[in-house]
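Visitor: So that we are looking at the same thing, I have put the structure below in structure tokens.
The values are calculated or read from the model by the stated rules, or taken from the named source; none is laboratory data. Everything numeric here is computed off the predicted structure, so don't read it as measured data. Backbone-built Cβ (ideal geometry, glycine too); neighbour counts: all protein chains shown. Protein only, heavy atoms only, side chains kept; ligands, DNA and RNA dropped before computing areas. Shrake-Rupley method; radii C 1.70, N 1.55, O 1.52, S 1.80 Å.
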Amino acid sequence: MSIAKAAPLAGALVPTEVAVTPGRTSSVVPLIIGLASAALAMVCTFQGVQQVLIPDQVQQIDAAHKVGDLALLTTIAAALAVVGSVAGGALSDRTHSRFGRRSPWLVGMAVISTGLMIVAGTAHNLAVIAVVYAALWFCMNFYQSVLNAIIPDRVSERHRGVVSSAFGLGGALGLGLGVNAVVHLTIEQGYMVLAGLLIVTTALCVVLVREGSLPDLAAPATSAAAAPRQTRLSLFQPFRHRDFTLAFVTRAASFMALATVAGYTFYILQDHIGAANLPGHNVKGAVGILVVTQMVAWIVGVAAAGWLSDRLNRRKLFVGICSLGTAAAMLVPLLAPTWTGMLVFYALVGVFFGAYLAVDLALMTLVLPTRENEGRDLAVLSIANAGPQLLSPAISATIISLAGYDALFWFGLVVSLLAGVAVFFIRSVR
């Protein structure tokens, strides 16, 4: 599964000024446009590749073993994604240049990812696809960690809900655009479009979200070259803080619930619902319709949740309600395993998970233990969404082989309930 008019949203829901790190421009509008555009391209890449391009390539190469093959490729890629997530936060924390801590890494990862997608589009061998897919997921998760770290760098606590919701809005648009752009193209063309979009939006983000140096933070004693060693030693330090650990569990459970279903949406429609029961008997087209449905619902959730959470100064309440709502949505395809049931399911998940994402990033930034390691600690929290990518393929494949596709939705329901309960035990955030 995946992840309005911009002007009215910006004008109606966000303040024109926010408190930011000293030495930065105080206007929130360029910040929101830059972050939202980069998030859009990032989610386009994640969803277009994961939901359509890779499953389609796997099916064309080895249709008889597609479920196991996809599980293997996704597991390898997710393992590299975890490494990329941690490396992105830790290395960017320790980077000091005239262009800032985050921008050089955003540009570098975007360029490398573009090259990898060009190679992926010409690959016709599972081994080559596995290597390129893993390298791409390393770079894109590195990119995501760096992008996330800009928010605590630049935005005051009381406005993080709004900026987080703008980030989520970019993701929602990316969800729909990424999948629907590639379903109407050849595999090679699909990769090229995603690569071009990533480069353009990254350039826009770097221009609009100008960094420079950080005058209020002392340079860490550890050099960038030594960062990996220190990261291994300090990776578990944030878990000494109870609220950080609970936030990690909440996010991990939320993403695991959806990842187990999302990675197999293509095959759920093809084998469980049945291609004959889909519009035009077209699986790729049906995936596109579901994603558009989810995108519209996602925007509804995102548009209000971040602003309202800022207004009420309540983060965990929104996260808890959204997690419980997602659990309830899992009942729909169980009670109605039809094309209509899948449409309703995607609409409900879009509203609840969209609202969740609008507040989630704001919540995560409020449980970070130390200011000087914000990038690293956010990267550790990002393992909570990269980790499910690592584990869910094996979990999903096992569940499907032992109990069928219905069991995926039961699993998602239970894990969503866990997320909804865990967040209410966080003490430092309302």
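Visitor: Go through A120, A135 for me and flag whichever is part of a helix (DSSP H, G or I) and buried (at least 22 other Cβ atoms within 10 Å of the Cβ).
Guide: Unique residue meeting the criteria: A120.
Visitor: With the condition kept exactly as written, say whether any residue in the stretch 404-413 is surrounded by 16 or more Cβ atoms within 10 Å (Cβ to Cβ), more than 17 Å from the chain's Cα centre (by Cα) and not hydrophobic (A, V, I, L, M, F, W, C).
Guide: There is at least one residue in the stretch 404-413 that is surrounded by 16 or more Cβ atoms within 10 Å (Cβ to Cβ), more than 17 Å from the chain's Cα centre (by Cα) and not hydrophobic (A, V, I, L, M, F, W, C).
Visitor: Also, I was wondering about something else. Could you check the stretch 390-430 and list, in sequence order, the residues that are of a type in the set (D, E, K, R) and more than 21 Å from R251 (Cβ to Cβ)?
Guide: Selection gives D406 alone.
Visitor: Mind checking which residues of the stretch 99-117 are modelled with pLDDT of 90 or more, open to solvent by 10 Å² or more (accessible area, probe 1.4 Å) and hydrophobic (A, V, I, L, M, F, W, C)?
Guide: The answer is W105, V107, M109, V111, I112, L116.
Visitor: What are the residues in the stretch 175-186 that are open to solvent by 30 Å² or more (accessible area, probe 1.4 Å) and assigned to a helix (DSSP H, G or I), if any?
Guide: If the condition is that a residue be open to solvent by 30 Å² or more (accessible area, probe 1.4 Å) and assigned to a helix (DSSP H, G or I), then L177, N180, A181 are the ones that fit.
Visitor: Just checking, does the stretch 314-336 include any residue being at pLDDT below 85, in a helix (DSSP H, G or I) and open to solvent by less than 30 Å² (accessible area, probe 1.4 Å)?
Guide: no
Visitor: Within the stretch 63-70, is even one residue surrounded by 24 or more Cβ atoms within 10 Å (Cβ to Cβ), among the hydrophobic types (A, V, I, L, M, F, W, C), on the phi < 0 side of the Ramachandran plot and modelled with pLDDT of 85 or more? Reasoning before the result, please.
Guide: Of the residues in the stretch 63-70, the ones surrounded by 24 or more Cβ atoms within 10 Å (Cβ to Cβ) are 70.
Those still in the list that are among the hydrophobic types (A, V, I, L, M, F, W, C) too: 70.
Then drop every residue that is not on the phi < 0 side of the Ramachandran plot, which leaves 70.
Applying the additional criterion that residues be modelled with pLDDT of 85 or more yields 70.
So far as the stretch 63-70 goes, yes, one or more of its residues are surrounded by 24 or more Cβ atoms within 10 Å (Cβ to Cβ), among the hydrophobic types (A, V, I, L, M, F, W, C), on the phi < 0 side of the Ramachandran plot and modelled with pLDDT of 85 or more.
Visitor: Restricting attention to the stretch 73-87, does a residue exist that is on the phi < 0 side of the Ramachandran plot and in a loop (DSSP other than H, G, I, E, B)?
Guide: no
Visitor: Counting only residues that are modelled with pLDDT of 90 or more and touching a Ser or Thr at 6+ places or on another chain (Cβ under 8 Å), how many does the stretch 168-195 have?
Guide: 3
Visitor: Determine the pairs where a residue that is within 10 Å of Y191 (Cα to Cα), located within the stretch 111-138, has a partner that is open to solvent by 70 Å² or more (accessible area, probe 1.4 Å) and part of a helix (DSSP H, G or I) with Cβ atoms under 6 Å apart, the partner being 6 or more residues away or on another chain.
Guide: Listed pairs, sorted by first residue: G121/E188.
Visitor: Follow-up. Assess whether D271 counts as being under 25 Å from T75 (Cα atoms) and at pLDDT below 90.
Guide: So D271 fits the description; yes.
Visitor: Taking the stretch 274-291, which residues are open to solvent by 60 Å² or more (accessible area, probe 1.4 Å) and in a helix (DSSP H, G or I)? Reasoning before the result, please.
Guide: Filtering the stretch 274-291 for residues open to solvent by 60 Å² or more (accessible area, probe 1.4 Å) gives 276-277, 280-282, 289.
Result: A276, N277, G280, H281, I289.
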